[in-house]
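The values are calculated or read from the model by the stated rules, or taken from the named source; none is laboratory data. Here the structure is a predicted model, which is why all the values come from computation and not from measurement. Because the Cβ atoms are built from the backbone with ideal geometry, glycine has one as well, and the counts that use them run over all protein chains shown.
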Amino acid sequence: MICNLSVELPVPGFRVCDLMRLQLQAVIDTRWPLGNDVPLRMNGELLAWCEFEVIENHLAVRLTELA
């Protein structure tokens, strides 16, 4: 069985052409309030809330609360 995990952040005004122009180390303004946890979904169902963390040069999520 395949499980798809997703972290969802709203990015107002972000278009496909913006996605096509992304470069390494680009920063995208999500307007997500600093310190607010983000939803983690598995196959579309809310699984937990998490926060972003940088480990060495990788972006990771740390679970903070189960749904």
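Among V16, V11, which is the only one that is among the aliphatic types (A, V, I, L, M), on the phi < 0 side of the Ramachandran plot and modelled with pLDDT of 90 or more? Even if it seems obvious, please write down each step before you answer.
Working: V11 fails: modelled with pLDDT of 90 or more.
Answer to the check: V16.
Would you confirm whether or not region 36-53 contains a residue that is exposed (fewer than 12 other Cβ atoms within 10 Å of the Cβ), part of a strand (DSSP E or B) and under 14 Å from the mean Cα position of the chain (by Cα)?
yes
If you check every pair at least six apart or on different chains, which have Cβ atoms under 8 Å apart with a residue in region 51-62 that is over 17 Å from R41 (Cβ atoms) first and a residue that is surrounded by fewer than 10 Cβ atoms within 10 Å (Cβ to Cβ) second?
E53/L59
What is the number of the single condition among (1) closer than 15 Å to V7 by Cβ; (2) in a loop (DSSP other than H, G, I, E, B); (3) at pLDDT 90 or above that A26 does not meet?
(1)
Which of the residues belonging to region 9-21 are under 22 Å from P39 (Cα atoms) and either polar (S, T, N, Q) or surrounded by 10 or more Cβ atoms within 10 Å (Cβ to Cβ) (or both)?
Once the filter is applied, which keeps residues that are under 22 Å from P39 (Cα atoms) and either polar (S, T, N, Q) or surrounded by 10 or more Cβ atoms within 10 Å (Cβ to Cβ) (or both), region 9-21 yields L9, V11, F14, L19.
Output the number of residues of region 54-67 satisfying the condition of being of a type in the set (V, I, T) and surrounded by 11 or more Cβ atoms within 10 Å (Cβ to Cβ).
2
Checking the condition touching a strand residue (DSSP E or B) at 6+ places or on another chain (Cβ under 9 Å) and aliphatic (A, V, I, L, M), which residue from M1, M42, M20 passes?
After ruling out the rest, the residue left standing is M42.
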